[in-house]
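Data block below; observations after.
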Amino acid sequence: MSLLIKDESPEKLIGEDGKRLDGRDLNELRSIKMEVGVIPNADGSAYIEWGGNKIYAAVYGPREVHPRHDARPDRGILRTFYRMTTFSVSERKRPAPGRREKEISMVIKNAIEPVLFLELYPDSVVEVFIEVISADGGTRCACTAVAILALADAGIPMKGLITAVAAGKVDGKIIIDCSGDEDKSGEADLPCAISWYNNQIALLQFDGIMDLKEFDKSIDQILEALEKIRKLQEEALKKRYIDVRDHLKNYNPKVVTTNNIEEKIDSNNQKNQNGGDQT
Amino acid sequence: MEVEDIDEIDLNQMKDKEIVIPGEVLSEDLTNFTPGRGTTKQGNKIISLFVGLKVIRKNYINVIPLRGIYTPTEGDKVIGVIIDKNPVKWKLDINARNFGILKPSNTVARTQKFRKGRPERVYETTEKFSVGDVLIVKITQADRLHHPELTTQGKYLGKRHSGKLIEIPPPKIPRIIGRKGSMINLLKEMTNCNIFVTQNGRIWIQGDNFEKEMLLIDTIHKIETEAHTSGLTDRIKDFIINEKTIRGIN
């Protein structure tokens with residue numbers, strides 16, 4: 001029995017019913033789940049599940065810069081590390097950071113840096129470690145979205161959030177949020193991020209062939225999609241604290257007396273005995 | 001033990017405050033409101049910089065962050081752990097972005113020798129403390145560009161020989177203290193422990209026995225998770241009474 005996973009892309013990416021391979025409409029997003037505060041030892045952390053992407057981000061700092069000659073006396077510096085695990089793609093990825101990883105690290109850093117108040121932390125560094133556990137197209141957009149969540153969770157002052165999503169061109173049609181297959185065999189790929197405090201583009205890359213009309217159309221569709229993702233980001237940041245409040249709304253303390261304890265112990269013992277009988 | 005006197009917005013009396021996120025518009029009315037702590041002006045709007053609680057005081061809009069690092073301030077008493085030493089200074093981890101520096105001349109001098117009525121010069125070395133020691137120190141000098149200077153000369157300062165050290169996020173320290181020290185007094189009375197709370201997020205405790213110390217640690221972690229809720233002091237009182245009965249502590 002072979003365990004090899006075939007890495008072939010299908011010929012047609014849009015079916016006859018006008019839907020994509022995974023059953024989505026042309027401008028429909030994949031399912032997105034975000035969580036904040038997942039790594040206890042980090043100063044701030046976040047996790048995202050975006051379709052088949054699974055990504056962790058952890059923030060450490062502001063802390064001292066090493067090597068010291070990298071430090072700036074007038075502002076803090078931001079370091080971003082985008083890494084893919086060896087098992088994140090179908091064929092084993094070599095663990096050493098390659099050209100693509102360095103590029104994406106830089107692109108994310110340049111997108112995020114303008115919204116942070118790094119001038120408050122001179123001579124220090126804020127480090128963001130982004131680890132892709134599973135990759136399925138559009139990781140740079142997902143990483144930008146999750147990195148800003150982790151930074152907000154760490155309490156780094158910032159002007160606003162950043163959201164990113166990719167548009168693409170497949171079988172002559174504009175699609176939003178490309179999956180892995182669509183990324184590989186599509187005609188064009190257009191990742192775009194927006195910083196919301198001034199509504200300006202923070203990241204824009206382009207690969208492929210597209211005319212200007214299609215470009216304008218894809219930017220319009222990207223803006224629509226970004227609004228949806230932004231709401232999810234806001235919810236994720238607030239959820240951590242609102243959950244505790246909701247839990248305490250029904251707070252109705254029962255004062256335990258010694259009698260209660262004996263009852264509790266008895267009932268526990270009975271439960272254990274019953275459980276033991278069943279097994 | 002004394003508690004640091006803190007000018008902090010009164011969190012205990014207020015009801016559940018709105019949780020805001022970075023970039024959220026707090027107000028568009030700039031004639032009646034002024035951006036306060038944790039906020040900034042963006043065009044004709046006041047926006048938040050942190051994930052935190054929105055608090056309006058007079059005409060100031062403030063955001064109290066829920067997480068963040070400690071920024072050393074002159075005059076703060078903090079708990080530090082020695083991470084390194086050389087013949088002229090100790091380096092202390094004070095939970096800030098830079099380590100603090102403690103020089104032997106800023107520690108309590110050893111007994112001076114007198115010769116012919118005049119004090120003989122005593123050469124101070126760094127033999128007094130070793131790596132790993134827990135010290136309560138005071139910050140004498142702090143700015144954004146230099147390492148903070150520390151001293152152990154003063155009331156309650158110096159090395160701790162026993163007790164336990166715990167750490168929580170620094171923005172949650174005001175909740176441990178409570179309004180005019182209400183929470184910390186409650187903790188002291190009910191668990192019968194010595195507590196020293198410092199602004200860098202560290203708490204030193206020492207109790208009569210292990211059980212009481214563990215009860216206090218659990219209580220502090222409960223305060224930490226529920227720091228942004230209202231009616232905390234009453235809930236903590238119930239919690240301690242309950243736990244005491246369950247654990248059998250008098």
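Residue check: is B:Val78 more than 11 Å from chain A (Cβ to nearest Cβ), under 19 Å from B:Arg175 (Cβ atoms), open to solvent by less than 40 Å² (accessible area, probe 1.4 Å) and in a strand (DSSP E or B)?
yes
What single numbered condition from (1) over 30 Å from A:Leu120 (Cα atoms); (2) modelled with pLDDT of 90 or more; (3) among the polar types (S, T, N, Q) fails to hold for B:Gln199?
With (1) over 30 Å from A:Leu120 (Cα atoms); (2) modelled with pLDDT of 90 or more; (3) among the polar types (S, T, N, Q) applied to B:Gln199, the lone miss is (1).
Name the single residue, out of those in segment A:125-139 being in contact with a Leu (Cβ under 9 Å, 6 or more places away or on another chain) and surrounded by fewer than 24 Cβ atoms within 10 Å (Cβ to Cβ), that is nearest to the other protein chains (Cβ to nearest Cβ).
Among them, the one singled out is A:Val125.
Can you tell me which residues in segment B:210-250 are polar (S, T, N, Q), in a helix (DSSP H, G or I) and at the interface with chain A (Cβ under 10 Å from one of its Cβ atoms)?
Of everything in segment B:210-250, those that are polar (S, T, N, Q), in a helix (DSSP H, G or I) and at the interface with chain A (Cβ under 10 Å from one of its Cβ atoms) turn out to be B:Thr225, B:Asn242, B:Thr245.
It is to be established whether one or more residues within segment B:32-44 are away from chain A (no Cβ under 14 Å), in contact with a Phe, Trp or Tyr (Cβ under 9 Å, 6 or more places away or on another chain) and of a type in the set (D, E, K, R).
Scanning segment B:32-44, I find no residue that is away from chain A (no Cβ under 14 Å), in contact with a Phe, Trp or Tyr (Cβ under 9 Å, 6 or more places away or on another chain) and of a type in the set (D, E, K, R), so the answer is no.
Tally up the residues in segment A:61-88 that are under 22 Å from B:Tyr70 (Cα atoms), at pLDDT 95 or above and open to solvent by 20 Å² or more (accessible area, probe 1.4 Å), please.
2
Among what's in segment A:161-173 and is over 16 Å from the mean Cα position of the chain (by Cα) and open to solvent by less than 10 Å² (accessible area, probe 1.4 Å), pick the residue that is nearest to A:Ala111 (Cα to Cα).
Among those residues, the one meeting the criterion is A:Ala167.
List every residue pair whose Cβ atoms sit under 6 Å apart, with the two residues 6 or more apart in sequence or on different chains, where the first one lies in segment A:147-173 and is more than 26 Å from A:Asn27 (Cα to Cα) and the second, anywhere, is modelled with pLDDT of 95 or more and hydroxyl-bearing (Ser, Thr, Tyr).
A:Ala150/A:Ser45
Go through (1) over 17 Å from B:Ile79 (Cβ atoms); (2) touching a residue at least 12 places away in the same chain (Cβ under 8 Å); (3) more than 14 Å from chain A (Cβ to nearest Cβ) for B:Phe196 and report which single condition fails.
Exception for B:Phe196: condition (1).
Restrict the check to segment B:98-119 and report whether at least one residue is in contact (Cβ under 8 Å) with a residue 60 or more places away in the chain, open to solvent by 40 Å² or more (accessible area, probe 1.4 Å) and within 30 Å of A:Asp153 (Cα to Cα).
no
Please count how many residues of segment A:25-75 are aliphatic (A, V, I, L, M), under 22 Å from the mean Cα position of the chain (by Cα) and closer than 24 Å to A:Val126 by Cβ.
The qualifying residues number 11.
Could you please let me know if A:Ile229 is open to solvent by 10 Å² or more (accessible area, probe 1.4 Å) and either within 14 Å of another protein chain (Cβ to nearest Cβ) or farther than 18 Å from B:Val25 by Cα (or both)?
No; evaluated as a whole, the condition is false for this residue.
Can you find a residue in segment A:177-192 that is outside any strand (DSSP E or B), among the hydroxyl-bearing types (Ser, Thr, Tyr), away from chain B (no Cβ under 14 Å) and more than 13 Å from the chain's Cα centre (by Cα)?
yes
Does segment B:139-160 contain any residue that is within 30 Å of B:Arg247 (Cα to Cα) and open to solvent by 40 Å² or more (accessible area, probe 1.4 Å)?
Yes, segment B:139-160 contains at least one residue that is within 30 Å of B:Arg247 (Cα to Cα) and open to solvent by 40 Å² or more (accessible area, probe 1.4 Å).
Give me the residue from segment B:50-67 that is in contact (Cβ under 8 Å) with a residue 24 or more places away in the chain and open to solvent by 20 Å² or more (accessible area, probe 1.4 Å) and, out of that set, farthest from the other protein chains (Cβ to nearest Cβ).
So the residue we want is B:Asn59.
Do we have A:Lys254 as at pLDDT below 95, open to solvent by 60 Å² or more (accessible area, probe 1.4 Å), within 14 Å of chain B (Cβ to nearest Cβ) and part of a loop (DSSP other than H, G, I, E, B) here?
So A:Lys254 passes the test.
The values are calculated or read from the model by the stated rules, or taken from the named source; none is laboratory data. None of the values given here were measured: they were computed from a predicted structure. No Cβ is skipped: glycine too gets one built from the backbone with ideal geometry, and neighbour counts run over all protein chains shown. Areas reflect the complete protein model, heavy atoms only, side chains present, ligands, DNA and RNA absent. Shrake-Rupley method; radii C 1.70, N 1.55, O 1.52, S 1.80 Å.
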